[in-house]
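No value in this document is a laboratory result; all are computed from the given coordinates. This one's a predicted model, so the numbers in the text were calculated from it and none came from an experiment. Here the Cβ is made from the backbone with ideal geometry for all residues, glycine too, and neighbour counts use every protein chain on show.
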Amino acid sequence: MSFANKVVIVTGGSSGIGAATALHFAKEGAQVAIVGRNETRLNNVAAQISEIGKKPLIIKADVSKDDEVKSIVWTTVTKFGKLDVLVNNAGLIRSAAVGDENFMEIYDEVINSNLRSIFVLTNLASPHLIKTKDAKWEEIKEMTALKLVTQSDDIADLILYLASDKAKSVTGSNYLIDGGALHQSWSFSQYTTNMSFANKVVIVTGGSSGIGATTAIHFAKEGAQVAIVGRNETNLKDVAAQISKVGKNPLIIKADVSKDDEVKTIIKNTVDKFGKLDILVNNAGLVRYSDVGDEDFLEKYDVVINTNLRSIVILTNLATPHLIKTKGNIVNISSIAGSTTMKAFLPSGYAAYCTSKAGLDHFSRVAAMELAPKGVRVNIISPGPVETPILVNAGGLTSWDKAKQATALEVFTQTDEIADLILYVASDKAKSITGSNYFIDGGALIN
């Protein structure tokens, strides 16, 4: 996740999230411009940056004032010759009831700082970002079911991920890092922060190919002990051989997640072998093509729902006691199909699939709310079009080129990119994230 030779503007850079983010970018080799109103604090942050990276550009500016906003981009590009990343972090809070005499005055101040300034900066930065092909704007928002206050370092880690090439298929998405605030109230706690999975035990279902296989390999590279689950034993052995080259020998579990008895063996065999469970990645899924009025619709509906939804409910139920012991987490692999009809990519006939993913999304949110007080996180990752066996085997996709063109970035998301996001969400770097749905779809939902 190197940012060597990248030029980054961070507004609101004199303290908090902005300061931490600027420091993180500097550690990764970036040339940083920090923007704020308090010059003394900016100088303090600049001194910290200079100790670990290149000397930053200090820009004293009030983003609520157009003339000063214009100077931010101009000064940065004049100094460094380009702009790669813009982090719109500056913001403020002012309190006033709707009926108060000073309400409109405060409203204007808040809107100008938190919204209009971002419009102005985006407008001014766009020509430069188009040149560098790194057009990313991370609007930072701020309460939590996990009973913690998100640390600025946590947010900085997410910002760097989103601004890196690891997230090249992510655009138009709002990644929540709120400790589950949308599900409950907040207080304080402390956790460690790292990306290592040494001594962690991870189950990956659907691990014989595609996203699951790539994810299992990535976990193994980071030191995890992995259990891979799938129906095709030959494919599982092939993946296991790849894992053994980069990490510890995995546990192979041949199982069909649509069958209750086989699902039960997944958790049992893993815990019997390794003594615990830290992370459950529910990736197994399938697509079956059938229109609502077709004679075989209900038969295919049952197969899809049992695999894509019911199996995850069972696995979550069985894994919960073990995850509570380890304060572990669950990552459920859904799809943009849970939020759209998929008409742009596929013909009709995917009602069962779309329904299964919508059900998975909401089950995940409710599970996140219930498990948060016990220290267990649950999150969702929703890919867009990925050229993997699941769609090839399903049939019904008329053109890969048409599917690619239906995304804003006109790309297929690669399995490596999804695996990177899964590992981030499962790591302690994401300790404040639960109940969130992360879209990695090439901008399909906004196109």
Point to revise | Sorted by Cβ neighbour density within 10 Å, fewest at the top, the residues M104, M369 | key: M104, M369
Study note, to complete from the structure: Distribution output for region 7-140: share of Cα-Cα pairs per 10 Å bin in percent, first bin at 0, values 13, 44, 30, 10, 3
Review point. Roughly how many debye, to the nearest 20, is the charge dipole of region 7-140 about its Cα centre, given +1 on each Lys and Arg Cβ, -1 on each Asp and Glu Cβ, and no other charges?
Key: 740 debye
Exercise for review: List the equivalent ellipsoid semi-axes of region 197-246 in whole Å, largest first, each obtained as the square root of 5λ for an eigenvalue λ of the Cα gyration tensor.
Suggested key: 17, 10, 8
Check your understanding: Past the 23 Å Cα-Cα mark, which pairs from K200/K327; K245/K325; K79/K166?
Key -> K245/K325; K79/K166
Point to revise | Filter on K60/K429; K221/K259; K60/K82; K237/K259; K27/K131 - keep pairs with C-alpha separation over 27 Å | key: K60/K429; K221/K259
Check your understanding: Taking neighbour Cβ counts within 10 Å as the exposure measure, how do E105, E262, E51 sort from fewest upward?
Key -> E51, E105, E262
Practice item. Compute the signed sum of charges (Lys and Arg +1, Asp and Glu -1) over the other residues within less than 13 Å, Cβ to Cβ, of A46. Key: +2
Exercise for review: Name the shape class, rounded, prolate or oblate, that the alpha-carbon gyration tensor gives for region 242-366, where a ≥ b ≥ c are the square roots of its eigenvalues, rounded holds for a/c under 1.5, and otherwise prolate holds if a/b is larger than b/c and oblate otherwise.
Suggested key: prolate
